[in-house]
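Here the structure is laid out as C-alpha cells; the discussion comes afterwards.
The values are calculated or read from the model by the stated rules, or taken from the named source; none is laboratory data. No experiment lies behind these values; they were computed from the predicted model shown. Don't worry about glycine lacking a Cβ; one is built from the backbone with ideal geometry, like all the others, and counts go over all protein chains shown.
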Amino acid sequence: MRSRAQLELDARLREVSEAATRLPSLVARGGREERARLVEAHRLGRRFVPSWSTPAEPVGPAARHALAHARRLVSDGPLGALYRARLDELELELDLRDALGSPRNVRALARRRWPTGAARPFATEARASGPTLREVADALLDEVTPDEDERASVPASGPGSLQELVLGLAALAGLTIKVSIEPGLVARAAAGERTVFLADTRFGEREARRLAVHEVLGHLVAAANARSQPLALLSVGTAGAFEDQEGLALCLEELAGLLDARRVRTFAARVLATDAVHEGADPNDVVTLLVSERGLSVDDAIAITERSFRGGGLTRDASYLFGWMRVRRALRRADATIDELRWGKVALDALPALRALREAGVLREPGPHRPSLASNLDATGPGTSSFTSPPSVAASLMRFEET
C-alpha cells in the first residue's frame, strides 16, 4: 500500500504535468492556408514572413506551488532520484510556457530541455563519446536516397480510413480508444492517453499503416500499461521518456517494415533545422538549406521549419532521431526489451532503477498489454522483413552503431 506522502507526491506530480503538457497545444499552428502561402512564396522566389502566431498563456501560481510541494515530498534513494529528475524536466517545460513568444528565452530553455545536433546518442556515464547527432543526420541525408511519393488515397475518417485502421489495431492490442480528427493539427497524427488525433487530410497507404503502428502499438500501449502501475511517474513519464518513447515507436515502425527512406531523411532534416534555429537562422534560410542543399521538397522543408520555429523556437524535433538511435541500439544489444520500454512512459536510463523497484515489490511486471508483434503488425498490411530499413539507411546506421 502506498503511503500518504507517496499519494500526495503523485497528485502534485500529475498537477504539474498537466500544466506542462499544455505546451505543445499552445504553440503556433500555421494551418493549411499559411503553409500553402509560404510554399507559393518560395516557388516565386520571394522571402516570406511567417504568421505563426503564439497564444500567450503563462503558467499560473497553482502549478508552481504544486511543483514546490512535490519537491518537498520527494524521498531519498533511487525512487526519489527518478521523481527529482522528472520534476527538473517539468520545471523547464513550465518555464518554456512562460517564455513562449520570446525567441531568445525559448531557445535557451529548449537547448537545455531537448537534444541538439551536438548531443551524442550513444554516450553513457562510462563513455562520453561516439558520433554526434548532427554527424548521423548529415550522413543520412548524404547517403539515403528518398523514396517516390506515394499517392494519398486513405481518408482520415469513413470506410477504409486511417481512423478505421487505428481502431482495429487498438482492438487487437486489447485497447479501447477514441480517434479525433483535428483540422488544425501540425503533425499528421498524435496520441493522448486514450485518444489518437489525426490531421484532417488524406494519407498514403504505407503512411497510414505506419502511423497506426506508431501511435497505437507505441504510445497508447505504453500509456495503458502505465495506468496499471501504482506510481504516477510511469504515466507522467520518467526523465528522458519523450525522446526514448518516440524512439521506441520508430523502432516498431521499422519492425513492421514501414520505416521508409523519406521518413528517415525527415528525422535527419529536423536535426539540421534545430541547429539552424539555435544558430539564429531565418526561416527562409532554413527552407533554402533543406531544399537546395539537402534535396527535400518545398512542402516538407516548410513543414519541418514550421515545427522548429513554432513558439519562438521550441526545437524539440531532434528528439526523434536521437531516441531512435538510442532505442534501436539498446534493442539490438538486448539492453532493453520492447515490453520494458512499454512498461509506461519510460526512458532507457530509468530501466535499471525500475527493475530494482519491481524486484522490491514497488512496481508490477511490465504489462498487462503486451500485444504480439507478429499478429498485430501483420494486421496493418504487408511490409518488409522484421527490423530492417532500406539498404542505404541500414548501411549508414551500422557504422555509427558499431563505434
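Screening the candidates Glu143, Glu89 for the property of being charged (D, E, K, R), over 16 Å from Ala20 (Cα atoms) and in contact with a helix residue (DSSP H, G or I) (Cβ under 8 Å, 6 or more places away or on another chain) yields one hit, Glu143. Taken as a whole, the condition of being more than 19 Å from Ala350 (Cα to Cα), at pLDDT 95 or above and either touching a strand residue (DSSP E or B) at 6+ places or on another chain (Cβ under 9 Å) or hydroxyl-bearing (Ser, Thr, Tyr) (or both) applies to Thr116. Has segment 73-82 got any residue that is closer than 15 Å to Gly240 by Cα and surrounded by fewer than 16 Cβ atoms within 10 Å (Cβ to Cβ)? Yes, because at least one residue in segment 73-82 is closer than 15 Å to Gly240 by Cα and surrounded by fewer than 16 Cβ atoms within 10 Å (Cβ to Cβ).
Listed by position, the helices (runs of 4 or more DSSP H) inside segment 302-366 whose residues that are aliphatic (A, V, I, L, M) number at least 3 are 319-332, 351-359.
Of all residues in segment 1-18, those that are over 19 Å from Pro58 (Cα atoms) and at pLDDT 95 or above have Cβ atoms under 8 Å from Cβ atoms of residues that are among the charged types (D, E, K, R) and not in a helix (DSSP H, G or I), 6 or more apart or on another chain, in Asp10/Arg2.
A single entry from Ala152, Ala171, Ala126 fulfils the requirement of being touching a strand residue (DSSP E or B) at 6+ places or on another chain (Cβ under 7 Å) and either modelled with pLDDT under 95 or exposed (fewer than 14 other Cβ atoms within 10 Å of the Cβ) (or both): Ala152. Assessment of segment 131-144 against the conditions (touching a residue at least 60 places away in the same chain (Cβ under 8 Å), among the basic types (Lys, Arg), within 20 Å of Arg307 (Cβ to Cβ) and in contact with a Gly (Cβ under 7 Å, 6 or more places away or on another chain)) yields at least one matching residue. Within segment 295-320, residues that are without any contact (Cβ under 8 Å) to a residue 40 or more places away in the chain sit with their Cβ atoms under 6 Å from residues that are part of a loop (DSSP other than H, G, I, E, B) and of a type outside the set (D, E, K, R), at 6+ positions apart or across chains, in these pairs: Ser308/Thr315. Taken over segment 92-106, residues that are surrounded by fewer than 18 Cβ atoms within 10 Å (Cβ to Cβ) and at negative phi amount to 7.
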